[in-house]
Structure formats: C-alpha cells, structure tokens
Amino acid sequence: MEPDVCVIGAGLAGSEAAWQLAIRGNKVLLVEMRPEAQTPAHQTGYAAEMVCSNSFKSDDPLSATGILKAEMEILDSLILASARETAVPAGQSLAVDRALFAKLVTEKLKGNGNIIWETRLAEKPPSATLDGGMPTILASGPLTTGPLADWISSTFDESCLYFYDAIAPIVERDSIDMSIAFPASRYAKGPPDFLNCPLDKEQYDRLLDAMLAAPQARLHDFDARFFESCLPIEVMAERGRDTLRYGPMKPVGLTDPRTGRWPYAAVQLRQDSIAADLFNMVGFQTRMAQGAQAEVLRLIPGLENAVFARYGSIHRNTYICAPRLLNATLEAKALPRLFFAGQLSGAEGYLESAATGLAAAMAVDRRIKNLPPLELPRQTMMGSLLHYLANAEPKDFAPMNAIMGLLPELPENALDANSPNKKDGAKSKKAAKRALMRGRALAAMREFVRCSKGQWPTATDQH
C-alpha cells in the first residue's frame, strides 16, 4: 500500500493527525521510534504516552481548555474521545489512567486499515516530501534529538529552541497514611477526588529546607530555561519561602477533618489509574536527584512510608521558532508539504499538542485533495493558538498554552449594559464574557466545517 502522507511521531499530536487523515480515506505511514529507541522520559512503546502528568486540564466549559475541548469534540478528536473512555476522578479536570489511555489509542491506530505503522528512527522526512510530493507531518515531540533535530536545524538554517521540563513522582496508594491524608476537593466543589497531605508551619519549613539543600540532577546548559507554567518545585522554592504555599501547595479551601481548619500548606495527590492504586503528586515536578527524592518527600505528613512507583525527573524539551518557520496552517514556509505539529511546533500542553495534530491533519487533507488552504478562524481557540504560533514576535517566542487572552476581544456592545450579569459584579460579568466567547468560538468552528465543503464533518452540535 503506497501512502498518501507520512506522520513522524506517534505522540499525542502524531496519533491525532494519523487517525484523522486515515478516517478521511488517506493511506498514512506512521513512523514511531519507540520501543526500539527510547527517550529519557518515555517508558513504553505505546502511542500517545503521557509522561509528565495524566491531566488534560480543566473541564470547566468557560475555561480556555474547556472551549478547546468543545472545538475538538466538534471535529471528532481521537485523543479527547480516548481520554473520556479512560478518565479517572479528578474534580473539575479531565485526567486519565495513562497506561489504559495509551493502550487504547495504540489499539485504535493499529486497528485502522489505512495506517501503516513502522517502528524505526526517522532521520529526516521521506524523499517524496523533499521532492515536492507526499506531505509529511513532523510530530516527533519535544524530545526530538539526534539526526532529525540536526536535519531541522540544517534545513532551516536555525538552531532549535528548548526549555527544561520536569516530571512529578507517582506514589503507591497503599503506602499513603490515610490517618493523616484526607480526601477532598477544594472548597468541597464536586466529589472528593484528591488526597491531601496537610502541613503545619514547622513541617512546611522543614520540607522547604530539605528541598533546597537536596542535590539536583545536572543540566548540560549553563543558562537553563524552564517553562513558567510547569516549573520544578525547587525553582519555585528558590523564588521565596511562601511561593509554594501560593502555588502547588496552597491550602485554601481544603479543610483538614482532624482540625476543622485549613492547614498551613498542603500537598495534593491525584488518581493516576482506574484501579486507584497509583496517585501522582500534583504540581510536584522535580529536578531533585532521584537518590534524594524519597528522603525529602517522605517529610510530607502522610507520605512518611511512601513507596514511589516512579520518581520525578527532568528532561530537555525542543521546539522550533514557529513564527519564523510556519504559516497559520502549520506548513513550513520554506518547504511546502512539510507540516509541524505538537510541542515541537511550539504548542505547550497535552491538549494543545493534540489540537495542533488535528489542525495539521485538516490542512494536509485539503492539500492531498487539491483544495486551497483554509485557516482556522481567529474566534476559535484552535485558530487563535495557530495564529500565535505563526505571528508571535520571533525574538521573544516561547511555547504557548490555550489561554483566554489568545482570543480576540468581543465587540464593545457585546455585553448588554442592562444585562443582569453586569450589575451582579465583576465575577458574573467575567463569566458572561467567557460564555459569549465560547459561543462565538463554537459557532465559528461549525461555520469553518461548513465552509470546508464537507471535508471535515461535525460530530454533534450539542456543545
């Protein structure tokens, strides 16, 4: 079977792209190096393996990720559907059993007759792409190194950018002392899906001192850069003694049943498997040397005898300078028929990576069918994210999550002056504004599908 398109990388973006192209009738060559060649962070050969966290972020319909999910559901996202099938309790967020999730995505991909799965290390796109023929989507992920990274740098005469990313430890549920840790969600909103380890001031100070004194994994760069939305706990601790208490260890809304009060600080653990036998430490991504992690983290009340199914670690994430290299359909400006997707393209986050894979697949499908390019509308979260990647200031370019600030502002008269929402206060006005932005985004996405002349069908209009 001769392929119509090549997808390099079976991570979240590559898996989504390959699936979307295959169900449109295209023959897809999907190239993945794992398990023959592993990365410093991956542990399996499954597609869409989630390494840093098991969360796809907030399910709040008025949040940026809530809007993005609704758009992806309109477009029949494989990743989102698989996440719903393997979801674990996580309050107002969507989290998955990452082993079952990756296995499910892999089974769906390998069960599709239009997908040819090859396990090998890709050193560059196929010659058919470089000769102006078959399109290729590069979705090799943030851990792209070696020959492929060298090819990208030499072809576009530009070194890849990077930052360091860290992974949070996972704890075995049976090793958590439930006479200290307590189940609760913040402010009792929703079911008590998180386990919470409370700390008083003395315990917090002792943990902080040990954390700051612990040996850290060595980095190979003198000027190590981190992504602000996913900082190692040691980096946050170095910014001030209260930084963690106002970040991942904030205690507000968590009432300790032993005292009836909020603790001085708290460590939250989120279910990581459907069997509820593993819990990950929320926001506790760390660069501590593995030999020191158990000693330091067992200072947390409730984790004195913790058994770690996986220790935290740190790795280097690679991405390209998208505004210099890509247009708003994720196609390389200097090399037509080559598309980028996922974190390599500058999108940050699991959900955002899958969204760029979906967007790239739409663009490639139109290219294969000899249809003109069609950019996603700016009013959508997907369109705004791609607009940022293509139009950000190259000098200061940094990876981007889905955030409300990416969306264009509403017209001045969009919020009626006599609306009850306005007089109910700033919080209500903010919710009303977000509701309008969501409605505008989903309407624009449905219109985009209609304008694409049926090439990308909607799933449902009940969003």
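Measuring nothing but how far apart in sequence close Cα pairs (under 8 Å, 6+ apart) lie, relative to its length, segment 240-372 scores a relative contact order of 12 percent. Placing pseudo-labels 7 Å out from each Cα toward the beta carbon at Trp151 and Lys189 gives an inter-label distance of 4.6 nm. Only Cα pairs under 8 Å and 6+ residues apart enter the sum, and on that basis the relative contact order of the chain stands at 21 percent.
Mean sequence separation of contacting Cα pairs (under 8 Å, at least six apart), scaled by the length of segment 166-314, corresponds to a relative contact order of 44 percent.
Each of Thr106, Thr259 was scored by other Cβ atoms within 10 Å of its Cβ. Arranged with the fewest first, they read Thr259, Thr106.
May I have the convex hull volume per residue, in Å³, for the Cα set of the chain? Don't skip to the end; give the middle numbers.
Numbers: hull volume 71.4 nm³, N = 463.
Per-residue hull volume (Cα only) is 154 Å³.
Compared with the alpha-carbon gap, the fully stretched path from Glu447 to Asp205 is longer by 81.6 nm at 0.36 nm per residue. With just the Cα atoms defining each centre, how far is segment 267-301 from segment 53-129? Give it in Å. Cα centroid of segment 267-301 versus Cα centroid of segment 53-129: 24 Å apart. Among DSSP bridges having both ends in the chain, what percentage is antiparallel? Round to the nearest 5. In the chain, DSSP labels about 65 percent of beta bridges as antiparallel. Computing FRET efficiency as 1/(1 + (r/R0)^6) for Arg241 and Asp131, where r is the C-beta to C-beta distance and R0 is 60 Å, gives about 0.50.
To the nearest ten degrees, helix 350-368 and the longest principal axis of the Cα atoms of the chain are 0 degrees apart.
For segment 47-161, the fraction of C-alpha pairs farther apart than 25 angstrom is 41 percent.
Quick note: the coordinates plus some simple rules give every number you see, no bench work behind them. It should be emphasised that the depicted structure is a prediction, and the values quoted were computed from it without experimental measurement. Heads up, the Cβs are rebuilt from the backbone with ideal geometry, glycines too, and the neighbour counts pull from every protein chain shown.
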